[in-house]
Amino acid sequence: MTRSSVAADAVPPCFDETFTALLTELFRWRRDVRRFRRDPVHAETIEELVRLATLAPSVGHSQPWRFVSVEDAGRRKAIIGNFNRCNEAALATFDGEEAERYARLKLAGLCEAPVHLAVFCDKAPVAGRGLGRMTMPETLAYSVVGAVQNLALAARARGLGVGWVSILDPSDIATILDVPAEWQFVSYLCIGQPEEEHLDPELERHGWQDRLPQSAVLHRR
């Protein structure tokens, strides 16, 4: 039996109302976590999350995602130092009350999270042979973002939290982690047991930004 015939014979699952309701709750409860407990997470769990992440679609089936588990204490310390410098520079762009409010925000769980996972995009993957990305090469990075979202939802379903740390210098991160030159830094993830559970995003809870109404994001032409 060929691989294509196996796929053709597969019976699609039935996603009933109970499942779709739970899926909606999963979307709502997926939070960008910054406050972690220090309890360890099994390596097998992280490997399973990466497997689920790679079920995401990718342009031309290029599968450009590259995951780096950052386990070395020296490299983690360098990442944290990079965050602190970038965060200080970001703080300097705000003034007055807005600067005070920014300074009070907790924007990363780098010191507490038991798992650090850096995610890169291979900008020249052999897989896919260039299909679908000649006019939009950025779709490679978009594919990686889709994989990150898969991972975050799968983690939430297993009681884990994921925090995406973006206040980092991409070129420095690539140097610290000693990755190939053709890998583009996409995200740095902190993963672990959440210290607290709440339905609203932390930045909304602490008065930085409310959720936009549907009318602001859905447009018709």
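Considering (1) out of contact with any strand residue (DSSP E or B) (no Cβ under 8 Å at 6 or more places or on another chain); (2) surrounded by 17 or more Cβ atoms within 10 Å (Cβ to Cβ); (3) aromatic (Phe, Trp, Tyr), the lone condition that PHE67 does not fulfil carries the number (1). For the residues GLY60, GLY74, the requirement of being closer than 30 Å to ALA103 by Cβ and over 21 Å from the mean Cα position of the chain (by Cα) singles out GLY74. Among the residues of this structure, ALA174 does not count as one that is surrounded by fewer than 10 Cβ atoms within 10 Å (Cβ to Cβ) and outside any strand (DSSP E or B). Go through the range 111-140 and report how many residues are closer than 26 Å to ASP72 by Cα and either modelled with pLDDT under 95 or not aromatic (Phe, Trp, Tyr) (or both). Here the count works out to 12. GLU202 falls short on exactly one of the conditions (1) over 16 Å from ARG28 (Cα atoms); (2) of a type in the set (D, E, K, R); (3) in contact (Cβ under 8 Å) with a residue 60 or more places away in the chain, and that condition is (1). Just one of the listed residues (LEU55, LEU49) is surrounded by fewer than 19 Cβ atoms within 10 Å (Cβ to Cβ) and within 16 Å of ALA152 (Cα to Cα), namely LEU55.
If I filter the range 178-201 down to residues being part of a loop (DSSP other than H, G, I, E, B) and either at pLDDT below 95 or β-branched (Val, Ile, Thr) (or both), which single residue comes out as nearest to the chain's Cα centre (by Cα)?
PRO201
Screening the candidates ARG28, ARG76 for the property of being out of contact with any Cys (no Cβ under 6 Å at 6 or more places or on another chain), modelled with pLDDT of 95 or more and not aromatic (Phe, Trp, Tyr) yields one hit, ARG76.
The values are calculated or read from the model by the stated rules, or taken from the named source; none is laboratory data. Bear in mind the structure is a predicted one, so any value in this text is a computation, not a measurement. Ideal geometry is used to build each Cβ from the backbone, glycine not excepted, and the neighbour counts take in all protein chains shown.
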